[in-house]
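Where a number appears in this text, it was derived from the coordinates with a stated rule and is not lab data. Given the structure is predicted, the values throughout are model-derived calculations rather than measurements. A quick note on method: Cβ atoms are made from the backbone with ideal geometry, for glycine too, and the neighbour counts reach across all protein chains shown.
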Amino acid sequence: MTAAAGPLLELAGIRAGYGDFQALFDISLEVRAGEIVTLIGANGAGKTTTLRVISGSLRATAGTVRFDGHDITQLPAHAIPERGISHVPEGRQLFPHMTVEENLDLGAYNRRSRPRARAALDDQLALFPRLKERRRQLAGTLSGGEQQMVAIARGLMAAPRLLLLDEPSLGLSPKITEEVFARVQDIGKRGVTVLIVEQNVVDGLSISDRGYVIENGRVVMHGAAAALLRDDKIRAAYLGL
Ligand SMILES: Nc1ncnc2c1ncn2[C@@H]1O[C@H](COP(=O)(O)OP(=O)(O)OP(=O)(O)O)[C@@H](O)[C@H]1O
Ligand SMILES: [Mg+2]
């Protein structure tokens, strides 16, 4: 249940960086319950850094992150999944010498999700039938697309209300990207709110309600996904049109 009528996730004036380097300059954005929202931006724009701040693996130096009406800005990273936020990192980061099933089981480690781990595994294998066939295969021997599916399914094992996806299409063929994005839409239909980072602007916006464009650590544009897809500046900068 949402504690407040406001957005599920709200970033206000977030600054963050690495050592002396400031990567984010007053990032403000919101994601409402039930939405799929995409962050668009070139390499190094600050997309991954934004997700790291939300999931507590990088501390903001200014600003606030609110989730479900609560200020979570200072919570340690391990407390974030308990609140219902699951981060599927850039590059998947699976355990290659463990099976698909073992990788998935590791996703259900928090107190909220552990009691339901068995049922959650069945849910994920139903969502990703390819993984069902390969449940005993070592993750390192899967194709790139299958590995991405394991990474997403592992994130879902934590029973999140908000799923953060960092470049799920990275290195995948257009056909497999389409399949992965279709599953992200299914996840949205199951009631999970999704914040997705994508360089694949057309596919990302096509499954999204809204989008934010980040350049050099700043939000420079945001709006309905359909409007962004039609926008001349977006088309010139990100679609080469
Ligand atoms: N661990 C780190 N240490 C120092 N600088 C970092 C670190 N991670 C990222 N940066 C810098 O912060 C800036 C933003 O990086 P970030 O990874 O957020 O970009 P991104 O938008 O996710 O890019 P990409 O599309 O290439 O993944 C970049 O200039 C990057 O070099
Ligand atoms: Mg990144």
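How big is the charge dipole of region 1-69 about its Cα centre, in debye rounded to the nearest 20, if each Lys and Arg gets +1 on its Cβ and each Asp and Glu gets -1 on its Cβ?
My answer is approximately 140 debye.
Projecting the Cα atoms of Ala117, Ile72, Gly155 onto the charge dipole of the chain, computed from C-beta unit charges around the Cα centre, puts Ala117 farthest toward the positive end. Panel note: the C-alpha atoms of region 82-225, placed on their principal axes, show extents of 44, 33, 26 Å (largest first).
Phi-derived couplings, Karplus 6.51 cos²θ - 1.76 cosθ + 1.60 at θ = phi - 60°, listed residue by residue for region 32-45: 8, 4, x, 7, 10, 10, 10, 9, 10, x, 6, 4, x, 5 Hz, with x used for Gly and Pro. Overall, the ratio between the Cα radius of gyration of the chain and 2.2 N^0.38 Å, rounded to two decimals, is 0.97.
Could you name the lysines whose alpha carbon sits less than 27 Å from that of Lys189, not counting residues in the same chain fewer than 8 places away? Lys189 reaches Lys47, Lys132, Lys175.
For region 9-57, state the average projected area of the convex hull of the C-alpha atoms over all orientations, rounded to one decimal in nm². Mean orientational projected area (region 9-57, Cα hull): 3.7 nm². Residues whose amide H falls under 5 Å from that of Ile207, counting only those 5 or more places apart or on a different chain, are absent, with hydrogens built in the peptide plane. Secondary structure note: in the chain, about 55% of the DSSP beta bridges are antiparallel.
For region 34-129, dividing the convex hull volume of the Cα atoms by the residue count gives 151 Å³ per residue. Distances between every pair of Cα atoms in region 96-159, grouped in 10 Å steps from 0 to the bin holding the largest one, split as 26, 58, 16, 0 percent. Taking the helices alone, the chain has a mean residue ellipticity at 222 nm of -9500 deg cm²/dmol, built from -39,500 (n - 2.57) per DSSP H run of at least 4 residues and averaged over all its residues. Residues in region 115-127 carry Karplus couplings, in order, of x, 9, 4, 5, 5, 5, 4, 4, 4, 5, 6, 6, 5 Hz; the curve used is 6.51 cos²θ - 1.76 cosθ + 1.60 with θ = phi - 60°, and Gly or Pro positions show x. In a simple Cβ point-charge model (Lys, Arg +1; Asp, Glu -1; nothing else charged), the chain has a dipole of about 500 debye relative to its Cα centre.
Distant-in-sequence amide contacts of Ala23, defined by a placed amide H-H separation under 5 Å and a gap of 5 or more residues or a different chain, comprise Ala16, Gly17, Tyr18. Taking a ≥ b ≥ c as the square roots of the eigenvalues of the alpha-carbon gyration tensor, region 129-214 is classed oblate because a/c is 1.5 or more while a/b is no larger than b/c.
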